[in-house]
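This report concerns only the one structure given below.
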Amino acid sequence: MELNSVKETEVLIVGAGPCGLALACDLARRGVRALLVEQAPALFPGSRGKGIQPRTREVLDDLGVGHAVRMHGGPAPVGMVWQDGRRQGEHEMFRRAAPTEAEPYGEPWMMPQWRTQEILLARLGELGGDVVFSTALTGLDQDTEGVTAHLTTGPVRASYLVAADGGRSTVRRALAVPMTGESVDPAPMLVADVRVAGDALDRLNWHVVMSDAGFVTLCPLPGTADFQLVAQFKEGEPDTSVEGVRALVAARTHLDADDITEVRWSSDFRPRAALADRFREGRVFLAGDAAHVHSPAGGQGLNTSVQDAYNLGWKLGQVLRHGAPVALLDSYEAERRPVAADMLGLSTRIHRGEQERGAAAQQLGLGYREGPLSAGRAGALVAGDRAPDGPAGDGRRLFDVFRGPHFTLLIVGADTEPPAFDGSSGAAVHVHRSDAYEAYGKGLFLIRPDGYIGWAGEDVSGLGSYLAPLGLGLDRV
């Protein structure tokens, strides 16, 4: 795609990481014109965010890439602790649970970040979108009608701009939005993707080597021949060169330097937790690492970022395509900033050994009960809760019914006559009736496009007034 041919767009997304790509996919399937630019010449090449939590797998299923994620990823291997060159025994790294009717994914899924990005880029291409690489933002101006972004390849005018350009976000700095945070660990870290010779190290375990100099982990990455290496430096600074990585492995593990046959990517970082003071400035939104920076220990950064995109995408679609009041966009910060703050706290506690990687890390229990778009309760659920999966009663799963950019009015175990929705805005509300089901109980549930319950009730009373701020309406009740 040549940027010179694109002078105007509805949404400009800066940054083609997992967050930017997920948002571009979501907007594309809603028919929203979005331009995705990335300052690098290609997608990020490393494995950095390798853990996909169960809730994010549900999101990726809805975006149409669930099959690819299953093909190219795998379950997290069991940890193996080493000390003084000897195995000390296995250690479970994550909470694992069997899938249930309501929660089809019970454990984290391992897949290198570069693969996640490749999958999302391929999906974006199927939806008619693309990424403009080697294009950096140098500044921006906004007014009441839109945003003018100054790019290295020329200016672009957009109705809205989304900053998905990482922890050092150029957009956030241009807006002068402060980021408040703390150092999680004074010790710097090294992360690298390496290949190991022959059978020098098995791929059955996530290897954790303890030493006085700091821990080293080597995690096999499913669907590749690579291991992700992470090393802590209690003294000194990481040497990210090929020889530096090999020397580190030889000094701290039972492997020889020559056992590392290839260093495919390496980087250093200092674990920190930081949260932007606000997620919106006029017509510009901060998402992903541009809005919150996590320690990698909890496996929350990529996941929280993708779910930022999933929350913002449908709201932009309703405003730009279906006549919803612009005030709907205020709910993005109101809903996502508290979640990001909670996940930052979780990541920090896990990094410091104060909390295990338990159910909270899977993000299935997150919701928006206190958010501005949540109203009512019915059966076993409160508005703002994640809508559980389960049998749809017609041979499908409920997630099959929900999949897509539409809303769903789910009538569970009730004889209520479904209302007729006003189709003048073009926004789709699918109505589905199913038998009583324990995860829901009985009642009516309006499922948002991002899989959360927006409204719940025992009958349709109050539904009409709830719909207007979403760009929806009823013909009759």
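Percent of accessible area on the chain owned by carbon and sulfur, 1.4 Å probe? Carbon plus sulfur share of accessible area: 48 percent. Measuring between their Cα centroids, segment 381-408 and segment 428-465 lie 9 Å from each other.
Per DSSP H run of at least 4 residues, take -39500 (n - 2.57); add these up for the chain, divide by its residues and hand me the 222 nm value, nearest 500 deg cm²/dmol.
Values: 10 runs with 113 residues, N = 477.
The helix contribution divided over the chain gives -7000 deg cm²/dmol.
Quantify how much of the Cα-Cα distance distribution of segment 222-311 extends past 20 Å, in percent.
Numbers: 2132 of 4005 pairs.
For segment 222-311, the fraction of Cα-Cα distances above 20 Å is 53 percent.
A P(r) calculated from all alpha carbon pairs of segment 164-236, with 5 Å bins opening at zero, reads 3, 13, 17, 15, 13, 13, 12, 8, 4, 2, 0 percent.
For segment 375-416, what class follows from the C-alpha gyration tensor (a ≥ b ≥ c being the square roots of its eigenvalues): rounded when a/c is under 1.5, otherwise prolate if a/b is larger than b/c, else oblate? Here segment 375-416 falls in the oblate category.
Accessible surface for the chain, divided over its residues, is 40 Å² per residue with a 1.4 Å probe.
Placing unit charges on C-beta atoms (Lys and Arg positive, Asp and Glu negative, everything else neutral), compute the dipole magnitude of segment 394-477 about its Cα centre in debye, rounded to 20. Walk me through the numbers on the way to the answer.
On the way: 7 positive and 11 negative charges, 51 e Å.
That gives a dipole near 240 debye.
What is the magnitude of the charge dipole of the chain about its Cα centre, with +1 placed on the Cβ of each Lys and Arg, -1 on the Cβ of each Asp and Glu, and no other charges, expressed in debye to the nearest 20? Walk me through the numbers before you get to the answer.
Working: 47 positive and 61 negative charges, 67 e Å.
So the dipole magnitude of the chain works out to roughly 320 debye.
In terms of the mean number of neighbouring beta-carbon atoms within 10 Å, the peptides 283-293, 414-424 order highest first as 283-293, 414-424. When each of the peptides 33-40, 318-325, 385-392, 426-433 is scored by the mean number of other C-beta atoms lying within 10 Å of its residues, the order from highest to lowest reads 33-40, 385-392, 318-325, 426-433.
When the alpha carbon gyration tensor of the chain is reduced to an equivalent ellipsoid, the three semi-axes, largest first, read 40, 28, 19 Å.
Just tell me, in residue order, which DSSP H segments of the chain are both 18 angstrom or longer along the helix axis (alpha-carbon based) and at least -1.0 in mean Kyte-Doolittle hydropathy.
On the way: long enough: 113-126 (20 Å, -0.52); 301-322 (31 Å, -0.39); 330-351 (32 Å, -0.58).
Counting only whole DSSP H runs, the qualifying helices are 113-126, 301-322, 330-351.
Summarising the overall dimensions of segment 1-143 from its C-alpha atoms, the Rg and Dmax are 18.8, 63 angstrom.
The values are calculated or read from the model by the stated rules, or taken from the named source; none is laboratory data. Keep in mind it's a predicted model, so treat the numbers as computed, not measured. Don't worry about glycine lacking a Cβ; one is built from the backbone with ideal geometry, like all the others, and counts go over all protein chains shown. Remember, those area values only see protein heavy atoms, side chains included, never the ligands or the DNA or RNA. Shrake-Rupley method; radii C 1.70, N 1.55, O 1.52, S 1.80 Å.
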